[in-house]
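See structure below.
The values are calculated or read from the model by the stated rules, or taken from the named source; none is laboratory data. Note that the structure is predicted; figures quoted are calculated from it, not measured. Here the Cβ positions follow ideal geometry from the backbone for every residue, glycine too, while neighbour counts run over all protein chains shown. Just so you know, the surface numbers come from the protein's heavy atoms only, side chains and all, with ligands and any DNA or RNA stripped out. Shrake-Rupley method; radii C 1.70, N 1.55, O 1.52, S 1.80 Å.
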Amino acid sequence: MTTLHVAVVGKGLIGSAAARHLAEAGCEVTLIGPDEPADYRSHGGVFAAHYDPARITRIMDRDPLWAGWAAASSSRYAALEAATGMKFHHPVGFLAAAGEGSDLLPAMEASARVFGTQTLTDVQHPFRLPPGTAIRFESAPGGFIDARRMVQAQTVAAVAAGAKVVRLPVWALRTDNGLVRAILDDGSEVRADRVLVCAGAFSSAVGLAPGMPLQADGRVVLLAQVEDELAQRLSDMPSLIRVDAAADLTDIYLLPPVRYPDGKRYIKIGTGAISHPLDDLESLQRWYRDGAVGDDAARLAQALFGLLPDLEGTDLRTDNCAVTTTPSGYPIIDWSEPDRIAVACGGNGKAAKSSDEIGRIAALLVTDQLDDPGLAASLRA
Ligand SMILES: Cc1cc2nc3c(=O)[nH]c(=O)nc-3n(C[C@H](O)[C@H](O)[C@H](O)COP(=O)(O)OP(=O)(O)OC[C@H]3O[C@@H](n4cnc5c(N)ncnc54)[C@H](O)[C@@H]3O)c2cc1C
């Protein structure tokens, strides 16, 4: 029997995970996608949602499918770290906080019960929360992952299992004589039996996922610099998600002090409550390149200082990123061209922690081993 050659387009969180699972399953794998650009401002290519050292990981979720994917993925973090010698998981704990009238905590509690996750309702934490706020704490594996490092670890593991890596963007896919040709930036091509598109927010903008209801959505994050003494005081700060209908930003998340590539430590705050639809390649590139922030930064700063007043007066900076949303709120893991081109896209702002399981499911799809044939359709519904 000949070995199935799968080209995975997109060396991000889902693509690198899928490539590892495919290579470990015995496929010939070519993982195609560029590294992070050295200079965003002059970069004319594609960008990614994983250029960050701190993405929240938690099992508790409003939605049992997402909770299951997070549980499955986080159960494999330690093995991936051990196999590659690359640490990316920081189990500092996760706190969910909900204002009066919110249904978040009962829904999270239900998913925690399903996956045997212990939660606490009364823990010490550094946040100033309004009266009436209820909390749930999830200990390890809750916390955060270094998304850049996790992509590196998955890629190293994929290569160890035999995958090749081509560090260029793909600008077109053509189906020819039973093969798919991925046309690369330098005009060369990779021919494969099947292609799996995992190009995140750029999948639709570049035309690699025709007909798939994927929407790119720009997000601004605010980074507050934390000096050593404060970082020391906040050393046991968990990751936080807070929903509160009475707040200016109804839905925010916060990461503990983490060292960034500029050598400084920052606390990061972001929100899913402000949306910036990005409908084509040019607007996506401009979003990453030019870093427009409107009043997002001021509103995030107000939310941050409300929660951690000690941060007032500290140096602030912003980062831009883009998530990929779908009508169902789940990733799309399905064929866009039957038996030739599949997609695994649409992290909906929460797939970093679950990327290993999403990549594994996509690997099963492209090797015809998905034992739940209704899954692809139910994720799209
Ligand atoms: C501000 C922000 C905060 C977030 N916070 C969290 C969080 O706390 N917890 C969490 O779980 N998730 C979080 N997420 C979501 C998470 O980062 C994404 O769901 C995840 O990165 C999706 O993985 P992906 O592989 O689909 O996309 P990406 O990680 O973006 O990877 C896509 C890859 O495709 C490549 N690519 C693009 N176009 C092409 C092309 N034409 N050819 C080849 N390669 C291409 C890119 O270079 C990139 O490497 C956050 C996202 C953002 C933006």
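Each Lys and Arg adds +1 at its Cβ and each Asp and Glu adds -1 at its Cβ; summed about the Cα centre, the stretch 320-381 shows a dipole of about 320 debye. Using a simple spin-label model with pseudo-atoms 7 Å out from Cα toward Cβ, V123 and D228 lie 2.8 nm apart. As a length-normalised measure over Cα pairs under 8 Å and 6 or more apart, the relative contact order of the chain settles at 24 percent.
If you take the Cα centroid of the stretch 338-378 and the Cα centroid of the stretch 308-326, the two points sit 30 Å apart.
Highest average first, the peptides 158-165, 258-265, 330-337 ordered by how many other beta carbon atoms sit within 10 Å of their residues are 330-337, 158-165, 258-265. In a shell of Cβ-Cβ distance under 12 Å around R286, excluding R286 itself, what net charge do Lys and Arg (+1) and Asp and Glu (-1) give? Spelling it out: positives minus negatives among the neighbours equals -2. Reported to the nearest whole Å, the Cα centre-to-centre distance from the stretch 1-76 to the stretch 208-255 is 20. In the chain, helices alone account for a calculated mean residue ellipticity at 222 nm of -8000 deg cm²/dmol, with every DSSP H run of four or more residues adding -39,500 (n - 2.57).
Modelled spin labels at Y260 and A134, positioned 7 Å past Cα toward Cβ, are 3.6 nm from each other.
Could you order the peptides 172-179, 92-99 from most to least packed, using the average number of other C-beta atoms within 10 Å per residue? Can you show the working numbers first?
Values: 172-179: 12.1, 92-99: 23.5.
The most tightly packed comes first, giving 92-99, 172-179.
A Förster distance of 35 Å, applied to the separation of the beta-carbon atoms of Y40 and E109, puts the FRET efficiency at 0.30. Sequence-ordered 3J(HN,Hα) estimates for the stretch 248-263 from the Karplus curve with 6.51, -1.76 and 1.60 and θ = phi - 60° stand at 4, 9, 6, 8, 9, 9, 9, 10, x, x, 9, 7, 9, x, 7, x Hz, glycine and proline given as x.
Could I have the simple spin-label model distance between L370 and A82, label points 7 Å from Cα toward Cβ, reported in nm to one decimal? It works out to 3.1 nm between the two label points.
Any idea what angle helix 64-74 forms with the longest principal axis of the chain, computed on alpha-carbon atoms, 0 to 90 degrees, nearest 10? Roughly 80 degrees between the two axes. When E24, E357 are compared by accessible area of protein heavy atoms, the largest-first order is E24, E357, using a 1.4 Å probe. I'd like the distance between the alpha-carbon centres of the stretch 164-182 and the stretch 78-128, rounded to an integer number of Å. About 39 Å separates the Cα centre of the stretch 164-182 from the one of the stretch 78-128. Packing here is the average count of other Cβ atoms within 10 Å per residue, and on that basis the peptides 34-42, 288-296, highest first, run 288-296, 34-42. Using only Cα atoms, tell me the angle between helix 147-160 and the longest principal axis of the chain; keep it within 0 to 90° and round to the nearest 10. Compared with the principal axis, the helix lies near 30 degrees.
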